[in-house]
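Asks: Sharing a structure, written as structure tokens. Questions coming.
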Amino acid sequence: MFITRIFYGIAYFIVLIWEIIKATIDVAIRTVNGKVDPVVVEIPTVLERPISQTILANSITLTPGTLSIDLDSEKQVLRVATITPRSNEDVIPFEQYIKGMLE
């Protein structure tokens, strides 16, 4: 059990770094060519613990082009501003790793 949590923790950090690199390149390209269409979306999450939800919200904010605006822990909903419309899976690709690490 403990080894599994460590694996998910390491995988989370690798995926987070990779997503930050991808998003940095995407934002740089979009700012040059002007293809920006800001939108605010509500994203439901499967994470139940407030600490897990907070780590997810902070991870979203760390990724360029996204910003966590609000977290409703009771309803398990995040409000996120993005520079372009994206699917929920594209905004929170590391949710499963946080779940395996903390829940």
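The values are calculated or read from the model by the stated rules, or taken from the named source; none is laboratory data. The structure presented is a predicted model; accordingly, all values stated were derived computationally and were not measured. We place every Cβ from the backbone using ideal geometry, glycine too, and count neighbours over all the protein chains shown. Protein only, heavy atoms only, side chains kept; ligands, DNA and RNA dropped before computing areas. Shrake-Rupley method; radii C 1.70, N 1.55, O 1.52, S 1.80 Å.
Asks: Specify which of the listed residues (THR24, THR31, THR4) is farther than 13 Å from PRO93 by Cβ, touching a Pro at 6+ places or on another chain (Cβ under 8 Å) and surrounded by fewer than 14 Cβ atoms within 10 Å (Cβ to Cβ).
Replies: After applying the criteria, what remains is THR24.
Asks: Which residues, taken from segment 70-85, are farther than 10 Å from GLN53 by Cβ and within 12 Å of the chain's Cα centre (by Cα)?
Replies: The answer is ARG79, VAL80, ALA81, THR82.
Asks: Here's a follow-up. Could you please tell me which pairs satisfy a Cβ distance under 7 Å, a separation of 6+ or placement on different chains, a first residue in segment 84-100 that is over 14 Å from THR63 (Cα atoms), and a second residue that is assigned to a loop (DSSP other than H, G, I, E, B)?
Replies: Partner pairs satisfying both residue conditions: PRO85/ASP37; ILE98/LEU47; LYS99/VAL46; LYS99/LEU47.
Asks: Anything in segment 82-103 that is open to solvent by less than 30 Å² (accessible area, probe 1.4 Å) and either of a type in the set (Gly, Ala, Ser) or more than 14 Å from LEU16 (Cα to Cα) (or both)? List them, or say none.
Replies: THR82, THR84, GLY100
Asks: So, in segment 34-45, of the ones that are exposed (fewer than 13 other Cβ atoms within 10 Å of the Cβ) and under 15 Å from the mean Cα position of the chain (by Cα), which residue ends up farthest from GLU74 (Cα to Cα)?
Replies: Step by step, filter segment 34-45, then rank; the result is VAL40.
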